[in-house]
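Heads up: the structure comes next, in structure tokens.
Every number here is computed from the coordinates shown, using simple stated rules; none is lab data. For clarity, every value in this text was computed on a predicted model and none was experimentally measured. Counting neighbours? That spans all protein chains shown, and the Cβs are built from the backbone with ideal geometry, glycine included.
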Amino acid sequence: MTQWHLVLDGRCPSKRNMTRDAALFQSLIEKKHQGILRIYNWEEPAVTVGYHQKSFTLSDPNLTLPILKRPTGGGAVLHVDDITFSISTPLGAAVPAGVLECSGLISKVFACALRQCGLETALRGGGHEFSPVCFARPSPVELVSGTGKVMGLALARRAGVVLAQGVIPLRVDRDLTRRVFGPGVLPECRGIVETCPDFALETFLAGLQESLAVHLGVSFQNSTETEHPEDGTRRQT
């Protein structure tokens, strides 16, 4: 088994989340860890955009939200109440180097965890064309259910290490979504809690750790409170 660090950050200051993911990714490049899974949420609504996304403008000019650049690709995402995650790990035998193969494996891991919470998903994505709004349509390696796209996923690779960032909306603020992206841009998305009222984060996390053990041969070190100098905070790791 490969030992990873599990970082459960809860609701974090939104403007720090991308910096924190990038710092954890860098720690893998510097070979300080074998792998890191970070799970977090957002203290206040924010929009993230893909690293290569040249521009994004809020549809409502009277709306003020932070717009944050991700270190990974993909389209714009509105974060309100999510399970957001980042995985940093070396590419190799367990995690394939190909973008589609790596993304498909990560999606499979999360599909197994969601199944334990009562939600069946499938890889039934559309084409490979870039979508400026992440949840407007799925790619071929993203999870969908009967209610539409369930999880957005994007990757970055550097020095033999991959960073995967993903988001599973728990609840969708439809009014704010329209103000951010404009009317008619997104299908009528639903969050996990709206689809599965009995959804429990603890069950999901337990299922996720079990799925990572089965599919990637990963175990996790005991959780301890550790100071992270990259943002001056203390988190459970």
How far apart, in nm, are the 7 Å Cα→Cβ label points at GLU43 and ASP173?
-> 1.6
Among (i) 33, 21, 15; (ii) 26, 20, 18; (iii) 45, 17, 16, which is the computed semi-axes √(5λ) of the Cα gyration tensor in Å?
-> (ii)
Given springs between every Cα pair under 10 Å in a Gaussian network model of the chain, which of ALA113, ALA200, ALA156 has the largest fluctuation?
-> ALA200
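Suppose only helical runs count, i.e. DSSP H with n ≥ 4. What mean residue ellipticity at 222 nm does that imply for the chain under -39500 (n - 2.57) per run, divided by all residues and rounded to the nearest 500 deg cm²/dmol? Could you put the intermediate results ahead of the total?
Values: 5 runs with 59 residues, N = 237.
Per the formula, -7500 deg cm²/dmol.
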How much length is gained if the chain between PHE130 and LYS31 is pulled fully straight, taking 0.36 nm per residue apart and subtracting their Cα-Cα distance, in nm to one decimal?
-> 32.4 nm
For SER55 and ALA122 in the same chain, what is the full-extension length gain: residue separation times 0.36 nm, less their Cα-Cα distance, in nm?
-> 21.0 nm
Loop sites in the stretch 108-199: chymotrypsin sites (Phe, Trp or Tyr not before Pro), DSSP, at most 16 other Cβ within 10 Å = PHE130
Given a Förster distance of 35 Å, the FRET efficiency implied by the Cβ-Cβ spacing of ARG11 and LEU100, rounded to the nearest 0.05, works out to 0.60
Paramagnetic reach from LEU201 in the stretch 92-117 [backbone N under 17 Å; point 7 Å along Cα→Cβ] | 114, 117
Under 19 Å from the Cα of LYS69 - aspartates and glutamates, other chains or at least 8 residues apart = ASP21, GLU43, GLU44, ASP81, ASP82, GLU230, ASP231
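Assign one of three labels to the stretch 130-181, namely rounded, prolate or oblate, based on the Cα gyration tensor with a ≥ b ≥ c the square roots of its eigenvalues; rounded applies when a/c is under 1.5, prolate when it is not and a/b is larger than b/c, and oblate otherwise. Each step should come with its number before you reach the end.
Working: a/c = 2.23, a/b = 1.80, b/c = 1.24.
Note, shape of the stretch 130-181 comes out prolate.
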Measuring from centroid to centroid over Cα atoms, what is the spacing of the stretch 1-72 and the stretch 156-176 in Å?
-> 8
For GLY35, enumerate residues with amide H under 5 Å from its amide H, sequence gap 5+ or separate chain, H modeled in the peptide plane.
-> HIS5
